[in-house]
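Taken together, the values in this text are just the output of simple stated rules run on the coordinates, not laboratory data. Here the structure is a predicted model, which is why all the values come from computation and not from measurement. Methodologically, a virtual Cβ is constructed for each residue, glycine included, from the backbone with ideal geometry; neighbour enumeration extends over all protein chains shown.
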């Protein structure tokens, strides 16, 4: 998970070469641009630079290439830097005020006819007010910023037409999140580089638009959920029409910039992926016929599709091995070449637990979904008279989803004798808008019920030990974890990673992007104050009756560290066993190798003490208070 592991991003192409990014836990979580050379891979960005932006705090799309150079955002100062791909050190080109990360940039696109770049911009210079978002232009050799679009709360996906004469973008306002509803606008460039009066193409407060893209002939395509499913649509110059209607999802939640699920390869065809039963299926989409033809690749997820000369280059996910940057034949689905792997050493597939998509009954006669992983280790089997302990995983978001792609973090548990179910509770994406909207006004109810019912379903199937059920989750998944432990008696242990314990504090203290997120999940704040208090674990600590581990980064701006501290204080006051581990230098999620190791080994040690087994090896010990030893 750390020493041999990197996070692959990309790919990008420039001057006939293939580039991608690698997030490296062993280098403090630094993201590096690398390239393929005849002699192997080569780092492009030097030590001391970390390609990452913090727009919306989640960032994404932190680099763009053009004319033999890469333009990227550096994490420490949020400057835009230009680096020649041939030689030379990165040089800052954005305004110097951003040396304190007060100006942030994301989602860059090159406006070649005007010799400039266009970025989503987030201005934090006024510490006494909310950050200001806009779309700006800046000369490629550096200089002042020109605001092209402003006035709304959020922007993303600036996209230029092939002739460079027009631009589209997405925008939305509080209290919406982009998957609730957003708008797609189009405007023409004037002679001075400004934009004409924009035209609304699609989108409302109740229609979500995803990934606008132009075909070579200038036709505008995008994904919309106006039918109840995120499907591909086009704008024919007068109206919007569906391209290939299906009860399947071709879109995702815009949690991070640069997310994509399809690419236009010609005026006649696109290559895209759709989500069904926990897996992404690659397919050819006839833009005129609407025919969707599956491509049998053997993979179940694809990141950054690039198609050239009948070959797809993408970061592909499998169920039984690590992500890899591969080249795939469009016609046959055959893997032609593997350029890079997220894990440098071979993975023994006999240790890999392959997930099974399960449907299980939940409240109100409905069905929820999850991915079940049986404990798997060729060297060990459980005692005949024992069933395995279960870990229920609640994903973050909460508007997000989990899929069947190989995840070393889940395999860590299954290789050590745990069963795992990764739950796509009501509110998750991938199952249509109606399923996603089950969580509207019901966060802290539907997600908890579905996680509890997932555990009960597996108990009823005779697959897991009813007395050793644990729940874990990060961020919003941490909220579901803490709430399940406070309001239900299904679980006998739990781990919250940077989880939300106080909805009111979340509404008051979190960053701009999510500052009104809870309006749709819980209710308008402060009008619905009673609901916020009712569903916050911190106000119902009397409901805690089992041990809990709390893991928290001290630089987290999304879920402030005081939330974990409040729970720790309450557990201590009750005399319940608990662990509270804080990580210096970590933000929302752990990126440094040493902290990832401490978190996982410490959690394993915690379960060993609580469930009464001795973990194999010698995992790092964490302090468990009130254990009575």
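Suppose R0 equals 56 Å; then what is the FRET efficiency for residue 112 and residue 384 from their Cβ-Cβ distance, rounded to the nearest 0.05? Approximately 0.25, to the nearest 0.05.
Taking the convex hull of the alpha carbon positions in region 93-341 and averaging its projected area over all directions gives 15.0 nm².
Expressed in nm to one decimal, what extension gain is obtained for the pair residue 533 and residue 359 from 0.36 nm per residue of sequence separation less their Cα-Cα distance?
59.4 nm
Residue separation of residue 582 and residue 200 scaled by 0.36 nm, minus their Cα-Cα distance, works out to 132.8 nm of gained length. Length available on full extension from residue 35 to residue 147: 0.36 nm per residue minus the Cα-Cα distance, which gives 37.0 nm.
Projected over every direction and averaged, the convex hull enclosing the alpha-carbon atoms of region 118-248 yields 9.4 nm². Of the residues 521, 627, 503, 387, the one with the fewest other Cβ atoms within 10 Å heads the list, and the complete ranking is 627, 387, 521, 503.
The packing ranking, built from the mean of other Cβ atoms within 10 Å per residue, places the peptides 113-123, 140-150 in the order 113-123, 140-150, highest first. Taking all Cα pairs closer than 8 Å and separated by 6 or more residues, the relative contact order of region 1-52 comes to 25 percent. Report note on the peptides 171-179, 248-256, 41-49, 581-589: ranked by the mean count of other C-beta atoms within 10 Å, highest first, their order is 248-256, 171-179, 581-589, 41-49. Dividing the mean sequence gap of close Cα pairs (under 8 Å, 6+ apart) by how many residues the chain holds gives a relative contact order of 8 percent.
Under a no-solvent Debye model with one identical scatterer per Cα of region 215-259, what's log10 I(q)/I(0) at q = 0.14, 0.19, 0.26, 0.28 Å⁻¹? Computed log10 I(q)/I(0) values: -0.36, -0.64, -0.96, -1.02.
Modelled spin labels at residue 66 and residue 440, positioned 7 Å past Cα toward Cβ, are 4.0 nm from each other. The mean sequence separation of alpha-carbon pairs under 8 Å and at least six residues apart, normalised by the residue count of region 246-395, gives a relative contact order of 12 percent. On a per residue basis, the convex hull of the C-alpha atoms belonging to region 349-611 measures out at 125 Å³. Axis of helix 562-574 versus longest Cα principal axis of the chain: the two differ by about 10°, to the nearest ten degrees.
Dividing the Cα radius of gyration of the chain by its Kirkwood radius returns 0.95 for Rg/Rh.
Note down, for region 357-471, the three equivalent ellipsoid semi-axes (square root of 5 times each alpha carbon gyration tensor eigenvalue), biggest first, whole angstrom. Working shown, then result.
Details: eigenvalues 138, 47, 21 Å².
For region 357-471, the ellipsoid semi-axes come out as 26, 15, 10 Å.
The calculated FRET efficiency for residue 27 paired with residue 86, based on their beta-carbon distance and R0 = 30 Å, is about 0.80.
Shown for 238, 190: other C-beta atoms within 10 Å of each C-beta, ranked fewest to most, produce the order 238, 190.
Percent of Cα pairs in region 1-81 per distance bin of 10 Å, from zero to the largest separation: 17, 53, 27, 3.
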